[in-house]
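The block underneath contains the structure these notes are about, expressed in structure tokens.
Here, each number is a calculation from the coordinates, and none is a lab measurement. In this text the structure is predicted, and so the values were computed from the model without any measurement. Here the Cβ positions follow ideal geometry from the backbone for every residue, glycine too, while neighbour counts run over all protein chains shown.
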């Protein structure tokens, strides 16, 4: 499987995503510069974390206009797998590939720590290696990670099982205390209606090796690889 990792000015998790897919999971991977106009021959696109364009205006607001994003949208509409992580989640929302927005943390402070997530839907290309109800541990590092959407959008997300990760405690209990940023309904990750575009605020690429304290992040990447293998079979 070939992963394409988009690189914007200000990206700082692009090499983490490349390392996770190329060196840890031993897949093909390449960087895609933001000024390129085509994603090329890839099976999945990762829009990584960081501070694209310095987060001017608001997180992801400028990056959505990068030349490459037009083809990322085309790639997603054609059914390609797209994963947005942290700032990448923000960019996908700004580009209209995912509903809602990411706002300033409720605390108004940057949050950097490990959190627990409960898998809410194991029937997506990003979670199929797990089971609904599983609890994983990912790190977060963001100042604008509070997911918000209008009530009608939230109702649709919940009714159609498009919430894929929710902030919880180590036992899987969803509560305000387990929510690191004030996200509505403790939402940590969602997918689009077609299920091929996923945005997550925590960082799976930073927890794919025991050396990093957890390899729970492999769940997402191994799910994508398994999905691609099944489609290609």
Checklist entry - What nm value, rounded to one decimal, do you get for the distance between residue 12 and residue 151 when each label is placed 7 Å out toward the C-beta? => result 3.9 nm
Checklist entry - Stretch residue 134-residue 222 to full length: gain in nm at 0.36 nm per residue minus the Cα-Cα span? => result 30.1 nm
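Looking only at the chain, where both bridge partners belong to it, what percent of the DSSP beta bridges are antiparallel (to the nearest 5)?
Values: 23 of 40 bridges.
DSSP beta bridges in the chain are roughly 60 percent antiparallel.
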Next on the checklist: Need the C-alpha centroid separation for the range 44-123 versus the range 8-34, integer Å.
Outcome noted: 15 Å
Checklist outcome for this item: Highest mean packing first, using Cβ neighbours within 10 angstrom, the peptides 220-232, 194-206, 168-180 sort as 194-206, 220-232, 168-180
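Based on the Cβ-Cβ distance from residue 173 to residue 26, what FRET efficiency comes out when R0 is 30 Å, to the nearest 0.05? Before the final figure, lay out the partial values.
Details: r = 36 Å, r/R0 = 1.20.
Plugging the Cβ-Cβ distance into 1/(1 + (r/R0)^6) gives 0.25.
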Checklist outcome for this item: Mean Cβ-within-10 Å packing, highest first, puts peptides 88-97, 21-30 in the order 88-97, 21-30
Checklist outcome for this item: Simple SL model, points at 7 angstrom along Cα→Cβ for residue 38 and residue 212; separation in nm is 3.2 nm
Checklist outcome for this item: Expressed in angstrom and ordered largest first, the alpha-carbon extents of the range 1-139 along the principal axes are 39, 38, 27
Checklist entry - Please report, for the Cα atoms of the range 109-233, the Rg to one decimal and the Dmax as a whole number; what are they, in angstrom? => result 14.0, 47
Checklist entry - Between residue 194 and residue 123, what is the spin-label point distance in nm, taking each point 7 Å from the Cα along the Cα→C-beta axis? => result 1.9 nm
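Evaluated at 25 °C with a viscosity of 0.890 mPa s, what Stokes-Einstein diffusion coefficient in µm²/s does the range 93-153 have when Rh comes from the Kirkwood expression over alpha-carbon pairs? Walk me through the intermediate numbers first.
Values: Rh = 13.5 Å.
Taking Rh from Cα pairs, D becomes 181 µm²/s.
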Item to check | Three semi-axes of the equivalent ellipsoid, the chain, Cα gyration tensor, whole Å, largest first | outcome: 23, 20, 17
